[in-house]
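Visitor: Shown below is the structure under consideration.
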Amino acid sequence: MTILQKVIKNYGGFSEAIDMVGEECLETFCDRLYATFCKEYTNASYITNLKWMLRHFYASKKITLSALFFTQTEELNGKNLKNLTFYTCYYSLFNALLSNLILTPYIKIEKIRRISHSQVFRDIDNYFVRFGIYDSQVKDLLNELRLTRELYSYHLPLGGSDVKEGKALNADNLFNRLNNKIIPIIQMSNLISYMSYYAWEKKVGRAIDEYESHQREANDLFFSFITSYDNLGNHCLIDDDDYSRQGYVLRKLKTPLPISWFITEKICEDLECGWEQDDTKHGFDISNVSRFLSDII
């Protein structure tokens, strides 16, 4: 039994990813990932435990952000807000693909915290397209969404249409193409997190708690995920909510776990509490995010 078959037998799901990729190709890919995670977790240290818990959490946030942009696109679509629609479509796809890369064991943690927009193209091609997981349509869609986002951010087509490409790059067409790709891409991140979880259970099988012996390195790593700096060096922002939430993950989850085991119960619940709105006002229903994710992972 392949590792993919084992996951499906025990937990089900991933039908859209299998339909997009093909079961045989996906089995080969998962076997390769699982073997790489097993190698990564052989003789794992406390810092290894910490790094991969943070990567799982960081990827879950990118998935949630992707779902937020996607459900907001559904809200915007058809309301003649195409400049915003191109923006939300692009960042939905960008963050979904970024979540794939954050969990990819071939990429060092130092790199995943600063992957550029251009680097996403190269890394998705190198680690996913090359192995038949995604076809060129995914890269083409990301490329065209980036182009249209930039056109409507900086160029302002006064005629309201796209330059030269006509219907091929209009908002409805691009959203429909995104709608066909976003679910299997998000499922792919969840599937990779299962490969990580199964490998940890096989090679380690427990939480490693040696904070006192690695306090400085652990603190530097912890803050590297929640600290942002401006270009001029005038500001250093630390998200207090992320500080407490990331600490909660480390205290409660203990080891790298499948993203679907905590994203809707913890991440999405916190999102809804933080973004709640006055019931007397109309606006985007933030609970759309958790409903969308609950349906697909």
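The values are calculated or read from the model by the stated rules, or taken from the named source; none is laboratory data. Every value quoted in this text rests on a predicted model; they were computed, and no experiment measured them. Ideal geometry is used to build each Cβ from the backbone, glycine not excepted, and the neighbour counts take in all protein chains shown. Protein only, heavy atoms only, side chains kept; ligands, DNA and RNA dropped before computing areas. Shrake-Rupley method; radii C 1.70, N 1.55, O 1.52, S 1.80 Å.
Visitor: Using r as the Cβ-Cβ distance of His214 and Glu265, and R0 as 30 Å, what FRET efficiency do you calculate, to the nearest 0.05?
Guide: 0.55
Visitor: Can I ask one more? Along the charge dipole of region 195-243, which of Thr227, Ser213, Met195 sits closest to the positive end, that is, farthest toward it, with unit charges on the beta carbon of Lys, Arg, Asp and Glu (+1, +1, -1, -1)?
Guide: Ranked along the dipole, the leading option is Met195.
Visitor: Based on DSSP H runs of at least 4 residues, each adding -39500 (n - 2.57), what is the mean residue ellipticity at 222 nm of the chain after dividing by all its residues, to the nearest 500 deg cm²/dmol?
Guide: Mean residue ellipticity at 222 nm (helix-derived): -21000 deg cm²/dmol.
Visitor: Got a sec? What order do Ile8, Ile192 fall in by accessible area at 1.4 Å, biggest, i.e. largest, first?
Guide: Ile8, Ile192
Visitor: Taking semi-axes √(5λ) of the Cα gyration tensor in Å straight from the coordinates, which label in [x] 30, 22, 21; [y] 32, 24, 19; [z] 28, 25, 22 is the correct one?
Guide: Recomputing semi-axes √(5λ) of the Cα gyration tensor in Å here gives the entry labelled [y].
Visitor: Next up: Rounded to the nearest 20 Debye, what is the dipole magnitude of the chain about its Cα centre when Lys and Arg each give +1 and Asp and Glu each give -1 at the C-beta?
Guide: 800 debye
Visitor: So for the chain, averaging the separation of alpha carbon pairs under 8 Å that are six or more residues apart and normalising by length, what relative contact order in percent results?
Guide: 31 percent
Visitor: Ordering His214, His235, His56 from largest to smallest accessible area (1.4 angstrom probe), what's the sequence?
Guide: His235, His214, His56
Visitor: While we're here: So how do 65-75, 201-211 stack up, highest first, on mean other-Cβ count within 10 Å?
Guide: Averaged packing, sorted descending, gives the order 65-75, 201-211.
Visitor: Right, something else. If you build a Gaussian network model of the chain, linking Cα atoms that sit under 10 Å apart, which residue out of Thr85, Thr64, Thr48 swings the most?
Guide: So, out of Thr85, Thr64, Thr48, the one fluctuating most is Thr48.
Visitor: Give the distance, in whole Å, between the Cα centre of region 177-244 and the Cα centre of region 77-150.
Guide: Using only Cα atoms to place each centre, the spacing works out to 19 Å.
Visitor: Using a Gaussian network model of the chain with C-alpha springs under 10 Å, which one of Asn83, Asn49, Asn231 is most mobile by mean-square fluctuation?
Guide: Looking only at Asn83, Asn49, Asn231, the largest GNM fluctuation is found for Asn231.
Visitor: Short version: ³J(HN,Hα) in whole Hz for each residue of region 196-212, in order, from phi by Karplus 6.51 cos²θ - 1.76 cosθ + 1.60 (θ = phi - 60°), x for Gly and Pro, what are they?
Guide: Those phi angles translate into 5, 4, 5, 5, 5, 4, 6, 8, 10, x, 7, 7, 10, 10, 9, 4, 4 Hz.
Visitor: Can you tell which of Trp52, Trp200, Trp275 shows the greatest fluctuation in a Gaussian network model of the chain with Cα springs below 10 Å?
Guide: Maximum fluctuation in the GNM of the chain, among the listed residues, is at Trp275.
Visitor: If you add up the charges near Phe131, with Lys and Arg at +1 and Asp and Glu at -1, over every other residue whose beta carbon is less than 13 angstrom from its beta carbon, what do you get?
Guide: Net charge in that neighbourhood comes out at -4.
Visitor: Let me ask something additional. With the contact rule set at Cα under 8 Å and sequence spacing of 6 or more, what percent relative contact order holds for region 47-176?
Guide: Computed over region 47-176, the figure is 27 percent.
Visitor: Where does helix 23-41 land angle-wise versus the long Cα axis of the chain, in degrees 0 to 90, nearest 10?
Guide: 50 degrees
Visitor: Run the numbers for Asp295 and Asn179: contour at 0.36 nm per residue of separation, minus the present Cα-Cα distance, in nm.
Guide: Here the answer is 40.4 nm.
Visitor: Using a Förster distance of 45 Å, how high is the FRET efficiency between Gln137 and Lys202, based on the Cβ-Cβ distance and rounded to 0.05?
Guide: Rounded to the nearest 0.05, the efficiency is 0.80.
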